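Working notes for the structure below.
Read the figures in this text as sums done on the coordinates, not as results from a lab. Just so you know, these numbers come straight off a predicted model, no measurement behind them. Reconstructed Cβ throughout: ideal geometry from the backbone, glycine too, with neighbour counts over all protein chains shown.
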Amino acid sequence: MYLSGQTPLDPDSAELVAGGVDAQTGQCFDNLMAVLADAGLDESDVVKVNVYLTDMATFEAMNATYATRFSEPFPARTTIGVAALPLGAAVEIELIARRRDR
């Protein structure tokens, strides 16, 4: 399952969440995990994550939040610095998941 990039929008207000890249990363993952859950999948089904940051100096803060969302073996990840994201977001995250035999 390929999930399009999610920006840190609160699904109730459709507004960008307040806070730094750590809060925004958390909201991106909340949004992505909600879509996965609707498909009967969870974080253990994620095999690839792409992270887009407007400031690579925030990598450590993003990475700290990222690390709370997965356990080993961690999915493959690419982090890319970009000039800008929609609505002035600091981070956007997309992922690929696959249904595993359970």
message: Out of LEU41, LEU9, I need the residue that is farther than 18 Å from THR79 by Cβ, of a type in the set (A, V, I, L, M), surrounded by 18 or more Cβ atoms within 10 Å (Cβ to Cβ) and under 12 Å from the mean Cα position of the chain (by Cα). Which one?
response: LEU9
- prompt: What number of residues within the range 62-94 are surrounded by fewer than 19 Cβ atoms within 10 Å (Cβ to Cβ) and at negative phi?
  reply: 22
statement: Log entry, pairs with first residue in the range 31-44 being without any contact (Cβ under 8 Å) to a residue 60 or more places away in the chain and hydroxyl-bearing (Ser, Thr, Tyr), second being surrounded by 16 or more Cβ atoms within 10 Å (Cβ to Cβ) and in a loop (DSSP other than H, G, I, E, B), beta carbons closer than 7 Å, six or more apart or on different chains, reads none
query: Does SER4 meet the test of being loosely packed, with under 12 Cβ neighbours inside 10 Å, of a type outside the set (A, V, I, L, M, F, W, C) and under 13 Å from the mean Cα position of the chain (by Cα)?
result: yes
field: Number of positions in the range 69-86 that are free of Cβ contacts under 8 Å to residues at least 40 places away in the same chain and within 14 Å of THR25 (Cβ to Cβ)
entry: 3
task: Give the residues of the range 43-102 that are of a type in the set (Phe, Trp, Tyr) and assigned to a helix (DSSP H, G or I), sorted by residue number.
output: PHE59, TYR66
